[in-house]
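Here is the structure we will look at, set down as structure tokens.
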Amino acid sequence: MIGMCRYYRNVSIENIMNIRLKLSFTLAVALTFILASCSKTESYTDLLKKEQRASNWFLAQHTVCNEIPADSVFLVGENAPYYKMDDDGYVYMQVLKADDKKDRVFPKTDEQVYFTYTRWNVETMYSSNTLDIAAKDGNQNNFWNTIVDTYFIYDNYSVSSSAKYGSGIQVPLSYLGFNSEVNILLKSYYGFYEEGVTCIPFKVNVRYFKAEY
């Protein structure tokens with residue numbers, strides 16, 4: 001259900017514009033490939049409508065807050081709301097774990113960020129009418145063998161290690177920093193590169209780690 005959460009942002013206009021510019025970069029790239037590669041039997045508009053229906057269904061199973069909390073003081077836990085993280089609703093975030101605000105360490109531009117993840121296909125959830133489905137992929141069950149190979153370069157989408165994961169997966173770091181864990185609803189605009197041509201939304205569980213060197 002949509003919760004009656006009311007928050008007011010305490011973010012400068014400059015910061016808001018920076019966030020929007022970062023997110024828009026991947027959107028422009030993804031849109032080019034989507035228009036070129038979407039199903040020949042379904043129009044791009046049809047695919048977007050299917051994605052929106054599945055996303056709306058998923059959000060209806062949870063409490064949703066349409067504002068980012070002032071000072072980034074998010075509710076935390078499995079019953080925490082999904083926060084709308086951008087004006088267009090391409091990324092929603094549920095915080096499962098975060099350091100106290102005063103202890104948070106944030107990545108610098110071009111810093112290497114390691115992470116683990118598990119993804120679930122939200123369209124499959126919708127068509128099956130259940131949140132309880134098998135995961136599509138991820139590396140959390142093989143943490144020690146994959147963590148060194150699973151990383152992106154923060155705030156730099158020109159390198160393949162960042163571009164293939166999209167910009168949406170980096171959004172939580174801007175608010176929570178390292179050692180955080182989130183669930184995110186990630187639409188294809190800001191999702192993994194491979195989903196850019198299929199217009200499929202995913203629920204992604206992500207944990208972020210700082211490089212220890």
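The values are calculated or read from the model by the stated rules, or taken from the named source; none is laboratory data. Treat the numbers as computed from the prediction; the structure is a model and nothing was measured. Don't worry about glycine lacking a Cβ; one is built from the backbone with ideal geometry, like all the others, and counts go over all protein chains shown. Accessible surface is based on the protein model in full, side chains and every heavy atom, while ligands, DNA and RNA are left aside. Shrake-Rupley method; radii C 1.70, N 1.55, O 1.52, S 1.80 Å.
Please state which one of GLU212, GLU181 is within 22 Å of ARG104 (Cα to Cα) and loosely packed, with under 15 Cβ neighbours inside 10 Å. Give the derivation first.
On the way: GLU181 fails: loosely packed, with under 15 Cβ neighbours inside 10 Å.
Of GLU212, GLU181, the one residue that is within 22 Å of ARG104 (Cα to Cα) and loosely packed, with under 15 Cβ neighbours inside 10 Å is GLU212.
Within the range 31-81, can you find the residues that are at pLDDT 95 or above, outside any loop (DSSP other than H, G, I, E, B) and open to solvent by less than 70 Å² (accessible area, probe 1.4 Å)?
LYS50, GLU51, ALA54, SER55, TRP57, PHE58, LEU59, ALA60, VAL64, CYS65, listed by residue number.
Hey, can you tell me all the residues within the range 166-199 that are of a type in the set (A, V, I, L, M, F, W, C) and assigned to a loop (DSSP other than H, G, I, E, B)?
So in the range 166-199, the residues of a type in the set (A, V, I, L, M, F, W, C) come out as 169, 171, 173, 176, 178, 182, 184-186, 192, 197, 199.
Matches in the range 166-199: VAL171, PHE178, PHE192, CYS199.
If you take the residues in the range 171-192 that are modelled with pLDDT under 95 and touching a Leu at 6+ places or on another chain (Cβ under 7 Å), which one is nearest to TYR117 (Cα to Cα)?
TYR190
Within the range 92-102, take every residue that is over 15 Å from SER174 (Cβ atoms) and modelled with pLDDT under 95 and give me the one that is farthest from the chain's Cα centre (by Cα).
Only one residue tops the list, namely LYS102.
Could you please let me know if LYS84 is charged (D, E, K, R) and buried (at least 16 other Cβ atoms within 10 Å of the Cβ)?
Working: charged (D, E, K, R): yes; buried (at least 16 other Cβ atoms within 10 Å of the Cβ): yes.
Against the criterion (charged (D, E, K, R) and buried (at least 16 other Cβ atoms within 10 Å of the Cβ)), LYS84 qualifies.
Which is basic (Lys, Arg), part of a strand (DSSP E or B) and farther than 30 Å from ASP46 by Cα, of ARG207, ARG119? Spell out how you get there, then give the answer.
Working: ARG119 fails: farther than 30 Å from ASP46 by Cα.
After applying the criteria, what remains is ARG207.
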